[in-house]
Amino acid sequence: MRFMRSAMDGIRSGIRKIAYPVRYWSVYGFRPSPVFPGDLSGYRDVLSAISREKMYLPAGDVVEIGAFTGQGTYQLAKYFEKNAPGKKVIAVDIFMPSADTTANVNGRRMADIYAGKLAGREQRAIFDRVIRDCANVSVIEKDSLGMDFPVDEICFAYIDGNHSPRYVRNDFLITWRILVPGGWLAFDDYGRDLPGVTLEINRLIGEHAGQITKVMTVGTKTGNGYRG
Ligand SMILES: C[S@@+](CC[C@H](N)C(=O)[O-])C[C@H]1O[C@@H](n2cnc3c(N)ncnc32)[C@H](O)[C@@H]1O
């Protein structure tokens, strides 16, 4: 009986392994990123929102702050390559998993969550492997605090870097100033287990309310698009 059950589990998992890439391909038109350790945000919801709202149409490049192992970078890169060739995806990460000591409501520090996911592996090495065939990605290995981008216009930014309110504000401001009219900023972790992130995003929406024409949440994990 036990043998039967584990054989069935094996068959089911085999079917899932084949079905998932086929389903993903049929929706997005490219293969999913290498599986381990998976993106943290749920970029499929992000891609669906980008498609639905045609966020790839305005002028300018794409920014991601907080790339971790590149699983989301890969998906953004392939998506924009297909739907808006010519746009660059600029991925910013400090590549120092210990840097963010913000704790969630359960007292778990981001640094510890990243160390657990990496299990001794080197973040940048995995990232480089995952994005190796993404010709439209340009990587900036840097602390995002006060940084300048090498481009003047972006149509979309996905923000999931350091989770302290100071960085949420910083990452908003450094992308907002180069966001074109009709462009979007998206934040991960809105309304979840990092109340400081949610509060700071709410403050930013309030402060820029006159220039924002649409606010929305998508999926169960990732948050908020803004149109400036
Ligand atoms: C939650 S992870 C990003 C996850 C990614 N969006 C995903 O879903 O796979 C946050 C990332 O932000 C990076 N980070 C932390 N502090 C940073 C800073 N000051 N500047 C740039 N990146 C930072 C970390 O190295 C980590 O890779």
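A few remarks follow.
- The criterion of being in contact with a strand residue (DSSP E or B) (Cβ under 7 Å, 6 or more places away or on another chain) and crowded, with 16+ Cβ neighbours inside 10 Å does not hold for residue 126.
- The number of residues in the range 12-59 that are among the hydrophobic types (A, V, I, L, M, F, W, C), assigned to a helix (DSSP H, G or I) and closer than 17 Å to residue 134 by Cβ comes to 4.
- Test for residue 168: is it touching a Phe, Trp or Tyr at 6+ places or on another chain (Cβ under 8 Å) and modelled with pLDDT under 95: no
- The set of residues in the range 155-191 that are away from the ligand (no atom under 12 Å from the Cβ) and either surrounded by fewer than 17 Cβ atoms within 10 Å (Cβ to Cβ) or of a type in the set (S, T, N, Q) (or both) comprises 169, 173, 175, 177, 180, 181, 182, 191.
- Some residue of the range 7-18 being among the hydrophobic types (A, V, I, L, M, F, W, C), surrounded by 20 or more Cβ atoms within 10 Å (Cβ to Cβ) and out of contact with any helix residue (DSSP H, G or I) (no Cβ under 8 Å at 6 or more places or on another chain): no
- Taken together, 39, 61 contain a single residue that is at pLDDT below 95 and among the acidic types (Asp, Glu), which is 39.
- Residues within the range 28-45 that are more than 9 Å from the ligand (Cβ to nearest atom), closer than 22 Å to residue 192 by Cβ and either in contact with a strand residue (DSSP E or B) (Cβ under 9 Å, 6 or more places away or on another chain) or aromatic (Phe, Trp, Tyr) (or both), tallied: 1
- Within the range 51-71, if we keep just the residues that are on the phi < 0 side of the Ramachandran plot and within 16 Å of the ligand (Cβ to nearest atom), the residue that is surrounded by the fewest Cβ atoms within 10 Å (Cβ to Cβ) turns out to be 71.
- Filter result (of a type outside the set (Gly, Ala, Ser) and touching a residue at least 60 places away in the same chain (Cβ under 8 Å)) within the range 153-166: 153, 154, 155, 156, 158, 159, 160, 162, 163
- Close Cβ contacts (under 6 Å, 6 or more residues apart or on different chains) running from residues in the range 80-103 that are not assigned by TED's automatic domain parsing to the domain that holds residue 58 to residues that are of a type in the set (A, V, I, L, M, F, W, C) and surrounded by fewer than 18 Cβ atoms within 10 Å (Cβ to Cβ) are absent.
- Any helices (runs of 4 or more DSSP H) falling wholly within the range 60-171 and containing at least 2 residues that are under 26 Å from residue 205 (Cα atoms): 71-83
The values are calculated or read from the model by the stated rules, or taken from the named source; none is laboratory data. The structure displayed is predicted, hence computed values, not measured ones. In this analysis, Cβ positions are derived from the backbone assuming ideal geometry, glycine residues included, and neighbour counts consider all displayed protein chains.
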